[in-house]
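**Q** Let me give you the structure first, and then I'll get to my questions.
The values are calculated or read from the model by the stated rules, or taken from the named source; none is laboratory data. All of these numbers come straight from a predicted model, not from anything done at the bench. FYI the Cβ positions are ideal-geometry reconstructions off the backbone, even for glycines, and counts take in every protein chain you see.
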Amino acid sequence: MSFIPRNPAYIFYERLLKSRILAGTPVEHVAIIQDGNRRYAREKGISRFMGHSLGADTTEKVLDWCLEMGVKHITLYAFSTENFNRGETEKSYLFELIKNKFVDLRNSKKIHSGGVRIRAIGRVEMLPQDLQDEISRAEGATRDYETMYLNVALAYGGQRELVDAARSLARQVSQGTIRAAEVDESLIASHLYPQNGVSVPKVDLIIRTGGDYRTSNFLPWQANGNECAAYFCAPYWPEFRKIDFLRAIRTAQTRGSGQQA
Ligand code: FPP
Ligand code: MG
């Protein structure tokens with residue numbers, strides 16, 4: 001691989017952004033719609049599978065950036081309920097790729113030294129059993145950590161999450177465990193994914209790569225109920241750079257304040 005020197009202006013801008021971010025109000029929860037793997041692959045003339053693999057490499061880098069910037073919660077949209085409509089070969093490839101990432105995460109020194117708790121959110125029972133097993137292993141190996149939370153949305157759909165919460169609450173009302181009048185925002189929030197333990201908190205920033213201006217049924221309660229910032233950017237997920245990430249964080253910090261990133 002050839003060494004491409006980085007532009008000094010880029011390095012300077014990255015440092016400047018980083019110091020401004022660290023001096024500003026922390027952006028605690030970043031949610032990311034990782035989009036554009038296949039379009040990237042098409043443009044580069046490589047297979048869509050390679051596009052997904054390169055996308056997963058970006059995911060790894062983003063985790064490093066989150067640790068560096070002190071982001072407390074990161075939630076990644078890795079496989080939506082709509083993604084079940086893709087072809088069998090692509091789904092199998094994605095499930096295998098995601099499974100291998102869970103193995104890597106469980107064995108990663110950075111995860112353990114950084115105190116990162118890994119959790120899957122979504123209808124995990126719809127995923128292949130071997131992937132479910134790896135998810136459980138990674139969750140189990142990190143369950144005592146609380147410095148940072150990595151939530152991976154799999155078989156996830158925002159409306160389905162609300163339906164599941166409503167059903168769970170309705171069951172408790174019919175069993176007499178709670179009264180209908182007790183159902184309020186915090187009780188609903190506590191029935192969202194993951195339903196066993198600390199729920200995913202309100203989102204401060206949603207990032208979407210790949211040029212589309214949509215939030216695609218991602219975390220409707222946690223993001224829309226909160227004045228969450230949205231950062232839509234053109235790069236496809238495999239080419240998402242640290243500078244894009246830092247700009248997104250800075251945008252969330254300065255939203256409404258009139259400051260420039
Ligand atoms: C969207 O691009 C991407 C996906 C459906 C897969 C995302 C999954 C990963 C990057 C793996 C992350 C894994 C973990 C668990 C760390 P697209 O296929 O919709 O591409 P397009 O928009 O160009 O069609
Ligand atoms: Mg897409």
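**Q** Hey, can you tell me all the residues within the range 86-115 that are exposed (fewer than 14 other Cβ atoms within 10 Å of the Cβ) and of a type in the set (A, V, I, L, M, F, W, C)?
**A** VAL103
**Q** Could you please give the count of residues in the range 78-90 that are near ligand 1 (Cβ under 10 Å from one of its atoms) and under 14 Å from ARG48 (Cβ atoms)? Quick ask: steps written out before the conclusion?
**A** Taking the range 78-90 first, the residues near ligand 1 (Cβ under 10 Å from one of its atoms) are 78-80, 82-83, 86, 90.
After this cut, where a residue has to be under 14 Å from ARG48 (Cβ atoms) as well, the list is 83, 86, 90.
Matching residues across the range 78-90 total 3.
**Q** Moving to a separate point now. List the pairs whose first member sits in the range 75-95 and is without any contact (Cβ under 8 Å) to a residue 40 or more places away in the chain, whose second member is more than 14 Å from ligand 2 (Cβ to nearest atom) and of a type in the set (Val, Ile, Thr), and whose Cβ atoms are under 6 Å apart, counting only residues at least 6 apart or on separate chains?
**A** none
**Q** Next up: Which members of the range 216-231 meet the condition of being within 14 Å of ligand 2 (Cβ to nearest atom) and either under 24 Å from PHE49 (Cα atoms) or among the charged types (D, E, K, R) (or both)?
**A** SER216, PHE218
**Q** Does at least one position in the range 207-226 carry a residue that is β-branched (Val, Ile, Thr) and more than 16 Å from the chain's Cα centre (by Cα)? Reasoning before the result, please.
**A** Taking the range 207-226 first, the residues β-branched (Val, Ile, Thr) are 207, 209, 215.
Next, only the ones that are more than 16 Å from the chain's Cα centre (by Cα) stay: none.
So far as the range 207-226 goes, no, none of its residues is β-branched (Val, Ile, Thr) and more than 16 Å from the chain's Cα centre (by Cα).
**Q** List the pairs whose first member sits in the range 199-227 and is without any contact (Cβ under 8 Å) to a residue 12 or more places away in the chain, whose second member is away from ligand 2 (no atom under 16 Å from the Cβ) and of a type in the set (Asp, Glu), and whose Cβ atoms are under 8 Å apart, counting only residues at least 6 apart or on separate chains?
**A** Final answer for the pair search is none.
**Q** What are the pairs with Cβ atoms under 9 angstrom where one residue, in the range 12-37, is under 23 Å from GLY51 (Cβ atoms) and modelled with pLDDT under 95 and the other, located anywhere, is within 16 Å of ligand 1 (Cβ to nearest atom) and outside any helix (DSSP H, G or I)? Sequence gap at least six, or different chains.
**A** If the second residue must be within 16 Å of ligand 1 (Cβ to nearest atom) and outside any helix (DSSP H, G or I), no pairs are left.
**Q** Among VAL152, VAL198, which is the only one that is part of a loop (DSSP other than H, G, I, E, B), more than 16 Å from ligand 2 (Cβ to nearest atom), under 18 Å from the mean Cα position of the chain (by Cα) and under 23 Å from ILE118 (Cα atoms)? Please lay out each step first, then the result.
**A** Details: VAL152 fails: part of a loop (DSSP other than H, G, I, E, B).
The conditions single out VAL198.
**Q** Determine whether the range 176-195 contains at least one residue that is within 16 Å of ligand 2 (Cβ to nearest atom), hydrophobic (A, V, I, L, M, F, W, C) and crowded, with 17+ Cβ neighbours inside 10 Å.
**A** Taking every residue of the range 176-195 in turn, none turns out to be within 16 Å of ligand 2 (Cβ to nearest atom), hydrophobic (A, V, I, L, M, F, W, C) and crowded, with 17+ Cβ neighbours inside 10 Å.
**Q** State all residues of the range 21-48 that are within 15 Å of ligand 2 (Cβ to nearest atom) and either of a type in the set (Lys, Arg) or surrounded by 15 or more Cβ atoms within 10 Å (Cβ to Cβ) (or both); if no residue qualifies, say none. First the steps, then the outcome.
**A** Filtering the range 21-48 for residues within 15 Å of ligand 2 (Cβ to nearest atom) gives 32-43, 48.
Across the range 21-48, the qualifying residues are ILE32, ILE33, GLN34, ASP35, GLY36, ASN37, ARG38, ARG39, TYR40, ALA41, ARG42, ARG48.
**Q** Mind telling me which of the residues LEU76, LEU67 ends up being surrounded by 15 or more Cβ atoms within 10 Å (Cβ to Cβ) and touching a strand residue (DSSP E or B) at 6+ places or on another chain (Cβ under 6 Å)?
**A** LEU76
**Q** Any idea which of ALA166, ALA181, ALA170, ALA138 is within 18 Å of the chain's Cα centre (by Cα) and either over 22 Å from ILE118 (Cβ atoms) or of a type in the set (A, V, I, L, M) (or both)?
**A** Details: ALA166 fails: within 18 Å of the chain's Cα centre (by Cα); ALA181 fails: within 18 Å of the chain's Cα centre (by Cα); ALA170 fails: within 18 Å of the chain's Cα centre (by Cα).
Residue meeting the stated conditions: ALA138.
**Q** If we keep just the residues of the range 201-215 that are within 16 Å of ligand 1 (Cβ to nearest atom) and part of a loop (DSSP other than H, G, I, E, B), which is surrounded by the most Cβ atoms within 10 Å (Cβ to Cβ)?
**A** THR209
**Q** Now, a different point. Run down LYS91, LYS110, LYS101 and say which single residue is within 16 Å of ligand 2 (Cβ to nearest atom), among the basic types (Lys, Arg) and at pLDDT 95 or above.
**A** Only one candidate qualifies: LYS91.
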